[in-house]
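The structure under discussion appears below in the form of structure tokens.
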Amino acid sequence: MPQTTIDKIFQLLSSEDFKDPDTGLLFFPVYIYTYPAEKEFQIREQIDLLNEKLKRPSNNLNCLVINIYKEFIIYLKESTFAGTSLFDSILDLEQDNYEDSLEFIQEKANDDQFMNFIGQKFEAYFKEQQTDRVYLFLHGFGSVFPYLRLSTLLKNTEKYTKNFKLIAFYPGDFKNANYSLFSLFNDDNVYRANHLNKFI
């Protein structure tokens, strides 16, 4: 019976050498798994399956799984300005000027406050450096497009990416040393990350 993608990634991530945080890309421990955008919902299910398999007693690994789109929505709802949540402010602005609302979303997705909001979630989870916490799974970049790129997030949260390995699930491809979202839009400055596909 042929191995599925989830089987191959599971074998890699459960191997003693790879799951050691002190091996591999020590200064930028980021790995990107690319897949065709049309498999997005299948990959989301496989991320959950992968997480469950790694939790089993044979591995006993707990992974932090973050959907960046959902986290952005949470951030907008929890952050307020002049007594109103940013989420509600966007809805109000959308009624008055749709184009301005899009620019506002773009601004909030890329500002330091959101980057710190995400980075502090990384930091809080891995702070104690427990032996069962070595992986962060990051996905949702197709949903959050065009407001936030993977390259922007990685660049602005690098100071929080320590003592664990970040696995980004990316709906696109990797050609000529470039990552391309949906195989259409190049992502800048992710050349330091390793292409996970070549390991499986």
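The values are calculated or read from the model by the stated rules, or taken from the named source; none is laboratory data. Note that this is a predicted model, so its numbers are computed, not measured. In this analysis, Cβ positions are derived from the backbone assuming ideal geometry, glycine residues included, and neighbour counts consider all displayed protein chains.
Considered as a group, the residues in the range 163-194 that are free of Cβ contacts under 8 Å to residues at least 60 places away in the same chain, more than 16 Å from the chain's Cα centre (by Cα) and at positive phi include one that is surrounded by the fewest Cβ atoms within 10 Å (Cβ to Cβ), and that residue is Asn176. Annotation note: of Asp17, Asp100, Asp22, Asp7, the sole residue that is part of a loop (DSSP other than H, G, I, E, B) and surrounded by fewer than 18 Cβ atoms within 10 Å (Cβ to Cβ) is Asp22.
Scanning the range 31-40 turns up no residue that is more than 18 Å from the chain's Cα centre (by Cα) and assigned to a loop (DSSP other than H, G, I, E, B). Taking Ser89 as the residue in question, decide whether it is among the polar types (S, T, N, Q), touching a helix residue (DSSP H, G or I) at 6+ places or on another chain (Cβ under 7 Å), surrounded by 15 or more Cβ atoms within 10 Å (Cβ to Cβ) and at negative phi. So Ser89 does not fit the description; no.
In a residue-by-residue description of the range 57-64, the property of being surrounded by 13 or more Cβ atoms within 10 Å (Cβ to Cβ), in contact (Cβ under 8 Å) with a residue 40 or more places away in the chain and touching a strand residue (DSSP E or B) at 6+ places or on another chain (Cβ under 6 Å) applies to at least one position. Whether a residue is touching a helix residue (DSSP H, G or I) at 6+ places or on another chain (Cβ under 9 Å), within 27 Å of Thr23 (Cα to Cα) and crowded, with 16+ Cβ neighbours inside 10 Å was assessed, and Leu148 does not pass this test. Exactly one residue out of Tyr170, Tyr191 is in a strand (DSSP E or B) and of a type in the set (Ser, Thr, Tyr), and it is Tyr170. A single member of Glu123, Glu94 is in contact with a Ser or Thr (Cβ under 6 Å, 6 or more places away or on another chain) and modelled with pLDDT under 95, and it is Glu94.
Matching residues to (1) over 23 Å from Gly140 (Cα atoms); (2) loosely packed, with under 14 Cβ neighbours inside 10 Å; (3) modelled with pLDDT of 95 or more:
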{"site": "Phe72", "(1), (2), (3)": "no, no, yes"}
{"site": "Tyr75", "(1), (2), (3)": "no, no, yes"}
{"site": "Thr80", "(1), (2), (3)": "yes, yes, no"}
{"site": "Ser85", "(1), (2), (3)": "no, no, yes"}
{"site": "Gln106", "(1), (2), (3)": "no, yes, yes"}
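Scanning the range 11-43 for residues that are touching a residue at least 40 places away in the same chain (Cβ under 8 Å) and of a type in the set (A, V, I, L, M) yields Leu12, Leu13, Leu25, Val30, Ile32, Ala37, Ile43. Within the range 111-129, being surrounded by fewer than 16 Cβ atoms within 10 Å (Cβ to Cβ), touching a residue at least 24 places away in the same chain (Cβ under 8 Å) and not acidic (Asp, Glu) holds for Gln113, Gln120, Gln129.
In contact with a strand residue (DSSP E or B) (Cβ under 7 Å, 6 or more places away or on another chain) and either within 19 Å of Gln46 (Cβ to Cβ) or part of a loop (DSSP other than H, G, I, E, B) (or both): which single residue out of Ser183, Ser151 fits that description?
Going through Ser183, Ser151 in turn, just one is in contact with a strand residue (DSSP E or B) (Cβ under 7 Å, 6 or more places away or on another chain) and either within 19 Å of Gln46 (Cβ to Cβ) or part of a loop (DSSP other than H, G, I, E, B) (or both): Ser183.
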